[in-house]
Amino acid sequence: MLVAATVSPLPRPVLDAAQRVLANRIDLNRAVPDGRALEAAVLKSGVVTTPTTREAPANSKSALLALRTSLLAVLGGDGAAPVEPVARAAPPIKGEPPRAPAPQAALADPAADGPETARTLLGHTDAALSRLKLLQAASQPADVRADASVPRSELRVEIPMLLGTQTGILQLMVERDGKHKRDQERQRGWRMRFAMNFSETGEVGADIALLGRAASISIWAAAPETANALDEMLPELAPAIQRHGLELTSLRVHRSAPRSARATPGRLLDSAR
């Protein structure tokens, strides 16, 4: 890794800025994250706009912008930074289940000189900032008409996670049912879906539906051996969930990733300006 290298072609300001980006990762090697850790990670994802204070840690968007500024200083303001095609997550689209690509290899050649390395890193930084814009757009209410009932709310974020020495991206989607806001007697439903991908596990994810205290949980794994291991853990997982005061209506493991909805004309547009 360039940031951890003993001898790096990048100057100290760039390395410090890159460290601040990496500081937003959740380290799975230390402990399983609890609800508060996940909430903090969502707020630091850069998708949710929060007030900026001196005490508050930099979110991913501000950290990426600072990294971009330091890289441009190295390159003398030259922002032209073509990026080689890499395996990226599918574009965030409302209603689509989250999917996680396999972790990427090193972004740059450690043997390259400073300007070449900075240009490569700048390209990936710009790509990450563009990805944040897509996530923010996908998290906008689906229906903002004045005469509409409560707009369908869907939040999509990406949270970096460290397992071993490998960084993977947790694709997280949280959705609530706002159809019955005027009916105070009716319980509001929530749904959370996520996917992550590490070389040791392959792609795994879950679909969790919550209505009041009743929970329906569907776990899936693309790799058969991982699905089998998860299936064997179900007798331990069910009591652990119930200890948190939830009533399980269903808990099952699927041996394949969820299918995407069929694309409709005009859903995605490629443009060049």
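Quick rundown of the values:
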item	result
Meets criteria (touching a strand residue (DSSP E or B) at 6+ places or on another chain (Cβ under 7 Å) and at pLDDT 85 or above) for Pro98	yes
Residues (assigned to a helix (DSSP H, G or I) and in contact (Cβ under 8 Å) with a residue 24 or more places away in the chain) located in region 215-232	Pro224, Thr226, Ala227, Leu230
Residues located in region 28-51, provided they are among the small types (Gly, Ala, Ser), part of a helix (DSSP H, G or I) and surrounded by 10 or more Cβ atoms within 10 Å (Cβ to Cβ)	Ala37, Ala40, Ala41
Count of region 195-234 residues which are more than 18 Å from Leu248 (Cβ to Cβ) and open to solvent by less than 40 Å² (accessible area, probe 1.4 Å)	12
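Table: residues versus (1) of a type in the set (Gly, Ala, Ser); (2) modelled with pLDDT of 90 or more; (3) touching a Gly at 6+ places or on another chain (Cβ under 8 Å); (4) part of a strand (DSSP E or B).
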residue	(1), (2), (3), (4)
Ala108	yes, no, no, no
Pro115	no, no, no, no
Leu132	no, yes, yes, no
Gln140	no, no, no, no
Asp147	no, no, no, no
Met161	no, yes, yes, yes
Val174	no, yes, no, yes
Gln187	no, no, yes, no
Met192	no, yes, no, yes
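The values are calculated or read from the model by the stated rules, or taken from the named source; none is laboratory data. Since the model is a prediction, treat every value here as computed from it, not as a measurement. Don't worry about glycine lacking a Cβ; one is built from the backbone with ideal geometry, like all the others, and counts go over all protein chains shown. Calculation scope for accessible area: heavy atoms of the full protein, side chains included, ligands and nucleic acids excluded. Shrake-Rupley method; radii C 1.70, N 1.55, O 1.52, S 1.80 Å.
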